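To start, the structure itself, in structure tokens.
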Amino acid sequence: MLVAQGLTKGFGGPPVVEDVSFTLARGAITGLIGPNGAGKTTLFNLLAGSLRPDRGTLALDGTRIEGRRPDEVFALGMARTFQIPRPFPAMTVLENVMLAPPGQQGERFWTNWLRPGAVAAEERRVRERALHWLDFVGLTRLAQEPARVLSGGQRKLLELARVLVAEPRLILLDEPGAGVAPPLLATIMEKIVALNAQGTSFLIIEHNMELVMSLCRPVLVLAQGKLLMEGEPEAVRADRRVVEAYLGAGIA
Amino acid sequence: MDALSLLSYLAFFSVFAGIFAIMALGLNLQWGFTGLFNVGVAGFVAIGAYTSALLTGPEDAARFGGFGLPILVGWLGAMVLAGIAAFIVGVAALRLREDYLAITTFGIAVTIQLVALNATAVTGGPFGIQSIPKPLAGWLGTGLAWNLGYLALVLAMLGAVWWGLERLVASPWGRVLRAIREDEAAAASLGKRASAFRLQSFVMGCMVMGLGGALYAHFVGYIAPEDFLPILTFQIWAMLIVGGSGNNAGAVLGAVLVWAIWTVSGGALREMLPVAEQARGAALQVVLIGALIAVILVVRPRGLLGERATVSRHAAKVSPPPS
């Protein structure tokens with residue numbers, strides 16, 4: 001569903017992402033691994049529109065999206081979370097989620113003057129949807145708290161709910177397991193599997209190999225900005241080049 | 001002071017407080033709800049004041065206009081022109097982040113003030129524009145009754161602006177503004193086109209400031225470039241910070257309080273200081289307001305009335321969590 005060809009991005013020096021090509025299959029949970037500094041998050045930013053590639057093309061279900069703004073990419077059905085979660089700290093947990101559904105007519109300022117009844121009705125629906133997904137990630141109890149009170153793991157869950165309420169077809173998760181306590185991590189993994197069963201595709205950056213090996217198929221390996229290999233998790237784990245990329249040549 | 005002159009003074013005070021409250025509401029939309037650091041308030045107020053004065057004033061052979069139009073047309077025109085100016089500035093400058101936007105808007109306000117000072121053929125130059133018509137003056141005269149009548153008009157305008165803005169900020173639209181203020185990249189990642197919302201907020205806020213300028217012009221009946229110096233921007237900011245940015249009630253409360261402190265301290269300084277020291281005494285007022293801001297920021301950093309956590313008035317109630 002997502003096809004990347006020859007993606008390249010530099011910041012003045014040598015390219016951080018160089019000539020990366022891959023295809024994400026519909027309905028797959030694809031893993032993206034690689035040592036620190038391999039360019040994983042930069043690649044995410046290129047996919048989600050936060051960065052513009054120097055070269056290369058990107059197509060989501062046949063629509064070219066390279067160089068599009070993040071809000072346009074989101075509207076086309078691809079959503080992302082951040083490595084360090086970015087809740088809106090002064091807003092309630094509930095409204096963090098209510099923000100996300102696309103195409104709300106109450107976001108056009110004049111409808112709030114001219115058709116307040118329609119906005120109120122829409123808000124009731126959006127609120128129900130938001131509460132549904134907060135329940136899904138287990139944050140209902142905190143719905144009316146400002147997001148700043150959440151723990152790191154809860155913030156990850158909030159970001160997940162915020163993305164899910166928009167019902168995207170493809171979700172990019174940047175280290176969903178980082179800084180999350182083990183019981184919460186198990187919850188997050190369950191949620192990903194459950195959503196995938198309903199047809200949502202995922203691309204997941206993760207350092208937790210247990211998570212990657214159990215969830216992701218296939219796995220892409222990025223090293224020094226280049227796609228090192230792509231394959232089944234077992235094949236990736238056994239590959240000499242991957243071990244060398246992580247540990248340095250000569251050790252393996 | 002007899003009762004009548006006290007009433008007259010109170011009316012005079014309240015008209016100004018109401019006008020400042022309108023300007024503070026405009027700034028609150030920009031800064032309090034969207035995080036736009038506009039330090040050019042005086043410029044947009046000036047555009048409103050001059051526009052309405054030129055549209056409604058009697059013809060003057062020495063300069064452009066006036067056109068003798070109804071006063072409501074003048075107020076509308078003030079908002080429209082301030083909005084157009086804000087649109088042009090916004091398209092060019094809203095991509096800038098906080099401090100750079102502040103520098104840019106400050107420069108624009110100074111430029112507008114200098115244009116008012118030098119474009120004599122339009123603005124009357126340093127002498128400004130006189131005999132700006134006073135609404136209902138034919139009916140109420142120019143004494144206390146007119147002051148009270150004008151106060152009613154200002155309060156009606158304040159009420160309309162209040163209603164319009166409260167409807168907007170406590171809505172999904174306001175929620176997007178808050179999200180952009182909190183984290184623009186995260187808002188964009190959730191499909192919100194930040195630049196469009198920032199521009200809407202900026203233009204609307206400046207239109208409200210322009211209305212404030214028009215109300216000022218028709219109350220005083222005379223405007224000159226020196227009415228729109230950066231000190232005015234400073235006063236409006238002080239009102240918003242003291243009252244509580246992100247809360248419209250706070251903006252209004254701050255406007256009344258700071259204006260009260262300003263006038264009372266001004267009166268006291270005039271009484272206490274010898275004539276030769278009066279000019280220096282005026283600077284003490286600024287020091288006083290500055291000290292007040294410092295105290296508020298230490299004691300109540302969110303202002304007297306802080307913002308509510310819930311933005312949309314539709315999101316306040318929540319059903320009890322399933323147990």
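Of A:37, A:31, which residue is of a type outside the set (A, V, I, L, M) and crowded, with 23+ Cβ neighbours inside 10 Å?
On the way: A:37 fails: crowded, with 23+ Cβ neighbours inside 10 Å.
Checking each option against the conditions leaves just A:31.
How do the pairs read when you match residues in region A:106-128 that are in the same structural domain as residue A:95 (by TED's automatic domain parsing) with residues anywhere that are among the hydrophobic types (A, V, I, L, M, F, W, C) and surrounded by fewer than 18 Cβ atoms within 10 Å (Cβ to Cβ), using Cβ under 9 Å and keeping only pairs 6 or more apart or on different chains?
Short answer, once both residue conditions are applied: A:106/A:118; A:106/A:120; A:111/A:118; A:127/B:318.
Scan region B:1-40 for residues that are outside any helix (DSSP H, G or I) and touching a residue at least 40 places away in the same chain (Cβ under 8 Å) and report the count. Spell out the reasoning first.
Keep residues of region B:1-40 that are outside any helix (DSSP H, G or I), which gives B:1-2, B:34-40.
Filter once more, keeping what is touching a residue at least 40 places away in the same chain (Cβ under 8 Å): B:34-40.
Here the count works out to 7.
Residue pairs, Cβ under 7 Å, 6 or more apart or interchain, first in region A:57-72 and under 20 Å from residue A:26 (Cβ atoms), second part of a loop (DSSP other than H, G, I, E, B) and acidic (Asp, Glu). List them.
Matching pairs, first to second residue: A:57/A:66; A:58/A:66.
Quick test for you: out of B:193, B:175, B:181, pick the one residue that is closer than 27 Å to residue A:91 by Cα, more than 8 Å from chain A (Cβ to nearest Cβ) and of a type in the set (Lys, Arg).
Details: B:193 fails: more than 8 Å from chain A (Cβ to nearest Cβ); B:175 fails: more than 8 Å from chain A (Cβ to nearest Cβ).
From the options B:193, B:175, B:181, the qualifying one is B:181.
Select from region A:130-139 the residues that are at the interface with chain B (Cβ under 8 Å from one of its Cβ atoms) and out of contact with any Ser or Thr (no Cβ under 8 Å at 6 or more places or on another chain) and list them in ascending order.
Initial filter on region A:130-139 (at the interface with chain B (Cβ under 8 Å from one of its Cβ atoms)): A:131, A:135.
A:135, the sole residue that qualifies.
Name the residues in region A:159-170 that are buried (at least 19 other Cβ atoms within 10 Å of the Cβ), out of contact with any helix residue (DSSP H, G or I) (no Cβ under 6 Å at 6 or more places or on another chain) and either of a type in the set (Lys, Arg) or within 11 Å of chain B (Cβ to nearest Cβ) (or both), would you? Even if it seems obvious, please write down each step before you answer.
Step one: filter region A:159-170 for residues buried (at least 19 other Cβ atoms within 10 Å of the Cβ), giving A:159-166, A:168, A:170.
Narrowing the set further to residues that are out of contact with any helix residue (DSSP H, G or I) (no Cβ under 6 Å at 6 or more places or on another chain) leaves A:159-160, A:163, A:166, A:168, A:170.
Across region A:159-170, the qualifying residues are A:159, A:163, A:166, A:168.
Return the total of residues in region A:133-144 being free of Cβ contacts under 8 Å to residues at least 12 places away in the same chain and surrounded by 14 or more Cβ atoms within 10 Å (Cβ to Cβ).
Our first condition is that a residue be free of Cβ contacts under 8 Å to residues at least 12 places away in the same chain; within region A:133-144, this holds for A:135, A:140-141.
After this cut, where a residue has to be surrounded by 14 or more Cβ atoms within 10 Å (Cβ to Cβ) as well, the list is A:135, A:140.
Total meeting the criteria: 2.
Looking at region B:138-154 only, could you name the residues that are within 20 Å of residue B:22 (Cβ to Cβ) and loosely packed, with under 15 Cβ neighbours inside 10 Å? It would help to see each step written out before you state the result.
Within region B:138-154, the subset within 20 Å of residue B:22 (Cβ to Cβ) is B:146-154.
Result: B:152, single match.
Inside region B:53-123, counting only helices (runs of 4 or more DSSP H) that do not spill past its ends, which hold 3 or more residues that are crowded, with 18+ Cβ neighbours inside 10 Å? Talk me through it step by step, then tell me what you get.
Values: elements: B:71-93, B:98-118, B:120-123.
Qualifying helices (runs of 4 or more DSSP H): B:71-93, B:98-118.
Being more than 9 Å from chain B (Cβ to nearest Cβ) and within 22 Å of residue B:191 (Cα to Cα) narrows it down to one residue among A:127, A:108, A:155; which is it? First the steps, then the outcome.
Working: A:127 fails: more than 9 Å from chain B (Cβ to nearest Cβ); A:108 fails: more than 9 Å from chain B (Cβ to nearest Cβ).
The match here is A:155.
As an exercise: evaluate residue A:160 against (1) outside the structural domain of residue A:72 (by TED's automatic domain parsing); (2) within 19 Å of residue A:100 (Cβ to Cβ); (3) more than 15 Å from the chain's Cα centre (by Cα) and give the number of the one condition it does not meet.
Against the list (1) outside the structural domain of residue A:72 (by TED's automatic domain parsing); (2) within 19 Å of residue A:100 (Cβ to Cβ); (3) more than 15 Å from the chain's Cα centre (by Cα), residue A:160 comes up short only on (3).
Condition check ((1) within 17 Å of residue B:309 (Cβ to Cβ); (2) out of contact with any helix residue (DSSP H, G or I) (no Cβ under 7 Å at 6 or more places or on another chain); (3) of a type in the set (A, V, I, L, M, F, W, C)) across all residues:
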site	(1), (2), (3)
A:87	yes, no, no
A:114	no, yes, yes
A:133	no, no, yes
A:147	yes, no, yes
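The values are calculated or read from the model by the stated rules, or taken from the named source; none is laboratory data. Source: prediction; values computed, not measured. Using ideal geometry, Cβ is built from the backbone for each residue, glycine included, and neighbour counts are taken over all protein chains shown.
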